[in-house]
């Protein structure tokens, strides 16, 4: 597997206006997900960071504890692989940078696996996870997320297709080698850059996915 972009926190330049190829503007916000909407039980909810952490320990936050972390907003688009795009939403929540600061990865970490309810997962290059607009969202446009849209927590990665930002997130695993997530194992592109139309695994080039 080729090494990810070493410029951690940087995202390739994008056009200031316009849509990625093959996308259309969506005025509303369709509900799209696999499986049922989970029931939120705050007393059982826990956010975990584990795997190759710098100190070797697992880091955990209850819902009350996670809710006290610094709240920030980012403006970012949401590009669904089904070809609709929502432009310019304001997302509020906890940045990935905040989580990284509280639970740093070990030096050899190159990727993360974001875990959600029912064992759903999405893998990301560390450089995508550390991008400035990557956010664990609790709000959109000032309104608390609904259960159908990922409450209490969803990941937003505006520069990638939306399947890379799971709903109902429960934790992050730091990895020293890449591993495909739920949709990546089922034929979706391992990187998922909408500006390159990286929709399906047959489009992958050497270095885009894990070594066989």
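A short reminder: the numbers here are calculations on the coordinates, not readings from a lab. Everything numeric in this text was worked out from a predicted model, so none of it was measured. Using ideal geometry, Cβ is built from the backbone for each residue, glycine included, and neighbour counts are taken over all protein chains shown.
Below are the figures for this structure:
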| read-out | value |
| --- | --- |
| Sorted by Cβ density within 10 Å, fewest first, the residues 45, 168 | 45, 168 |
| Value of [θ]222 nm, deg cm²/dmol, for the chain, DSSP H segments ≥ 4, -39500 (n - 2.57) each, nearest 500 | -1500 deg cm²/dmol |
| Region 90-212: relative contact order as a whole-number percent, Cα under 8 Å and 6+ apart | 27 |
| Fewest-first ranking of 144, 155, 124, 87, using other Cβ atoms within 10 Å as the exposure measure | 144, 87, 155, 124 |
| Label selected from (1) 0.93; (2) 1.00; (3) 1.07, the criterion being Rg/Rh (Cα atoms, Kirkwood Rh) as computed here | (1) |
| Taking the chain and dividing mean pair separation by its residue count, relative contact order in percent (alpha carbons under 8 Å, at least six apart) | 25 |
| Ranking of 59, 189, 159 by count of other Cβ atoms within 10 Å, fewest first | 59, 159, 189 |
| For region 116-155 and region 42-102, distance of Cα centres in Å | 6 |
| Region 23-130 - percent relative contact order, Cα under 8 Å, separation 6 or more | 24 |
| Max mean-square fluctuation residue, GNM over the chain, Cα-Cα springs under 10 Å, options 154, 179, 44 | 44 |
